Amino acid sequence: MKSSHAMQLINVLDFGGAESLALNISMYLNKLGKCQTSVCGLFGGEGPLVGHAEKNEVKVYFFKSDDGNRLKVMWNLYRLLKEQNVTVVQVHGSYLLQYAAFPAKLAGVRLIYTEHAKYSLCKSRKLRRNARYFSLLVDKVVCVSNDLKNFLINDIGVNPYRVEVVHNGVNLSAFQPKKIKTENRSDQDKLIIGTVARLSDPKDHTNLLHAFSQVVKIRPNLQLILVGDGELRPNIENMIQELNIWPHVKMLGRRSDIPDLLASMDLFVLASKREGFPIALLEAMACGKPVIATDVGGVKEIISNCEDGIIVQSESSEALAGAILKLSDDKALRDSIAARGYEKVQSNFSEQAMMEKYMKLLIPSGEYHES
């Protein structure tokens, strides 16, 4: 029986949504013993993902720099695919697709293109054009939401017969809503609002801070926790000072204990102005937390408004403030929304279900070996 080698192709060897998914897929296949697995950072040297990958017996490859030479990158990738006997490569994002399409085809490697968000595509006409052309060379296009699928088909021109939706999922065993970690709470009398998101423009912390500044004037017992780091950290720190809400806001930076931090929150808020299919939202719901999110990307595919979460207009601090105030003042409503959200994630968005779908795409029946 033929031995398969599934390679995940990412931008850099750092932790992000796509990067974490790529590593998790490799780890899942490793545990099943279905095939060889590896992760390749096309433009990134050693980063924090490397140690985690190697600890879980996932091979890691990377190219130090492209030096602005696309042909060099493509040649190096072609050689790697041939030397390592890769049988399928999953490329994450349209930018990498334009580098991977020809090398994969020349090497006789099946190509799966996974798109996580439309932010980059919306910004660049060239990237949209390339995504349309190079999608003709892929075996399957995977989208993380129906919203993204419709965008690729209707706005980019991708063949609908090539497109499949695989919703993101979460490791349900990592989140225990009944085991509240009270040690994360410095003041039991405060109601803690939190978010987990990279400090970058699409996550729109500006909107969240403006909304919180309105609400905390009315409910001074509120505290806001920001988990995550990014290029906008200095701007966000300055805004916290300018809005004079610094006594009520904690910036925790990048953390690995996300389940514990979520467990310490009373309310989770995602104020993004652009999203794909937000894993952070799923994680909060899996932890039994009531959630508020903006009406962007695949959020409506996760939340039924006013049933298992509250959806508000994006980039509207007034709408967001109103939703925060509503849930802050109504514990019964918070508990009801949290319970229904927890049940929805348990039923529809498990990591196991997601991984089984990716396995079928990456390792067709009869192509894998048992270790």
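Each value in this text was obtained by applying a stated rule to the coordinates, not by laboratory testing. These numbers come from a predicted model, not from an experiment. Don't worry about glycine lacking a Cβ; one is built from the backbone with ideal geometry, like all the others, and counts go over all protein chains shown.
Data table
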{"quantity": "Thr294 long-range amide H proximity, modeled H, under 5 Å", "calculated": "Leu270, Ser272, Val312"}
{"quantity": "Residue-by-residue Karplus 3J(HN,Hα) for the stretch 139-154, coefficients 6.51, -1.76, 1.60, Hz, glycine and proline x", "calculated": "7, 7, 9, 10, 10, 8, 8, 5, 4, 6, 4, 4, 5, 5, 6, 7"}
{"quantity": "Dipole of the chain [Lys/Arg +1, Asp/Glu -1 at C-beta], most positive-end residue of Ala211, Met27, Leu80", "calculated": "Leu80"}
{"quantity": "Label of the coordinate-derived value, percent of Cα pairs over 36 Å apart, listed as (1) 36; (2) 55; (3) 25", "calculated": "(3)"}
{"quantity": "Segment Lys326-Leu32, length gained on full extension (0.36 nm per residue, minus Cα span)", "calculated": "101.2 nm"}
{"quantity": "Dipole-positive endmost among Val312, Met355, Gly230 within the chain (Cβ charges, Cα centre)", "calculated": "Met355"}
{"quantity": "Nearest-20 debye value, the stretch 172-348 charge dipole, Cβ charges on Lys, Arg, Asp, Glu", "calculated": "300 debye"}
{"quantity": "Pairs beyond 30 Å (Cα-Cα), from Lys149/Lys217; Lys118/Lys344; Lys64/Lys118; Lys64/Lys149", "calculated": "Lys149/Lys217; Lys64/Lys149"}
{"quantity": "Restraint check, Lys123/Lys289; Lys34/Lys105; Lys140/Lys289, Cα-Cα greater than 25 Å", "calculated": "Lys123/Lys289; Lys140/Lys289"}
{"quantity": "Protection-proxy order for peptides 283-295, 110-122, 224-236, each taking the mean of Cβ atoms within 10 Å per residue, highest first", "calculated": "283-295, 110-122, 224-236"}
{"quantity": "More than 28 Å apart - percent of Cα-Cα pairs taken over the stretch 172-348", "calculated": "13 percent"}
{"quantity": "Residue-averaged [θ]222 nm for the chain, counting only DSSP H segments that reach four residues, each worth -39500 (n - 2.57)", "calculated": "-12500 deg cm²/dmol"}
{"quantity": "Two-site FRET efficiency, Trp246 against Ser124, from Cβ-Cβ distance with R₀ of 35 Å, rounded to 0.05", "calculated": "0.40"}
{"quantity": "The stretch 258-313: trypsin sites (Lys or Arg not before Pro) falling in loop per DSSP and having at most 11 other Cβ within 10 Å", "calculated": "none"}
{"quantity": "Potential lengthening between Gln346 and Glu237 on full extension [0.36 nm per residue; Cα-Cα distance subtracted]", "calculated": "35.6 nm"}
{"quantity": "Choice from Lys55, Lys190, Lys344 with maximal GNM fluctuation in the chain (Cα, 10 Å cutoff)", "calculated": "Lys55"}
{"quantity": "Alpha-carbon spread of the stretch 250-371, three principal axes, descending order, Å", "calculated": "56, 29, 27"}
{"quantity": "Cα centroid separation - the stretch 81-120 against the stretch 9-62, whole Å", "calculated": "15 Å"}
